């Protein structure tokens, strides 16, 4: 029987058999079973387990690791090996990279391929001091000032940033960008249903808000509504024909739905847009 036994995986990766069994139950591994029912792991399973161990060491919450790796496995097109990827932690997020792109497995949202964690760490003390100063004069702040404070707080204090965006919306319920940013933070906090209401509020007032449509698509994916997510991403493209991330997410959803021609078409547009954006 081919594949690695649980004991061999434990020795190779420095994990306990109990940890390996826990990750197997989480659903992002696909071990076969031997004649006696014992688990046999493929090399791709080892890659995911090694990534899980590294992310735990980076203090990424176990639930986020399981969710990210499970979704990462679903996102990979057929025929592409996990061994081609690097899976790392940046701040509190899981990031996957191949030779061409980097993305958050949880949301499918693409990211710039540079180290933002160091910058966020350096900026955090400044953001905290400004937040404290704002609290002392909070009655004097208008919606735009609360929104600006939320932007600063995102690098270090997600809870405080959400509160700042809510304060902005109390003063201006039609502040589309506050709805979008609050919704994005709610998605990251596993509150996609609540996030959806903010994205829909944004597009109700501003139907051409491409970012709001795109993030609505992400929230709908988290709510396991892929057909509705496709419609949201299509609206994002109507609002902004050069929104490369929307083409990428549509390609992934079409691939998952078995619509290979549509997947290839959207992936081709994504690649063309990202190549064009890199031209001097």
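The values are calculated or read from the model by the stated rules, or taken from the named source; none is laboratory data. Fair warning: this is a prediction, and the values are worked out from it, not measured in the lab. Cβ atoms come from the backbone with ideal geometry, glycine included; neighbour counts cover every protein chain shown.
In this structure, does residue 241 turn out to be modelled with pLDDT of 90 or more and either over 27 Å from residue 200 (Cα atoms) or crowded, with 22+ Cβ neighbours inside 10 Å (or both)?
Values: modelled with pLDDT of 90 or more: yes; either over 27 Å from residue 200 (Cα atoms) or crowded, with 22+ Cβ neighbours inside 10 Å (or both): no.
Criteria not met by residue 241.
Annotation note: of 222, 245, the sole residue that is touching a strand residue (DSSP E or B) at 6+ places or on another chain (Cβ under 6 Å) and closer than 17 Å to residue 105 by Cα is 245. Does residue 54 meet the test of being modelled with pLDDT of 75 or more, surrounded by fewer than 18 Cβ atoms within 10 Å (Cβ to Cβ) and either within 16 Å of the chain's Cα centre (by Cα) or closer than 26 Å to residue 256 by Cβ (or both)? When the stated conditions are applied, residue 54 does not pass them.
In region 71-94, the count of residues that are surrounded by 18 or more Cβ atoms within 10 Å (Cβ to Cβ), assigned to a helix (DSSP H, G or I) and at pLDDT 70 or above is one or more. State yes or no: is residue 251 closer than 25 Å to residue 185 by Cα, within 17 Å of the chain's Cα centre (by Cα), modelled with pLDDT of 95 or more and in a helix (DSSP H, G or I)? Taking the combined requirement at face value, the residue does not satisfy it. One residue stands out in region 23-51 among those that are touching a strand residue (DSSP E or B) at 6+ places or on another chain (Cβ under 7 Å) and modelled with pLDDT under 80: the one that is surrounded by the most Cβ atoms within 10 Å (Cβ to Cβ), namely 51. Residues in region 201-227 that are surrounded by fewer than 17 Cβ atoms within 10 Å (Cβ to Cβ) and more than 21 Å from residue 71 (Cα to Cα): 204, 205, 207, 208.
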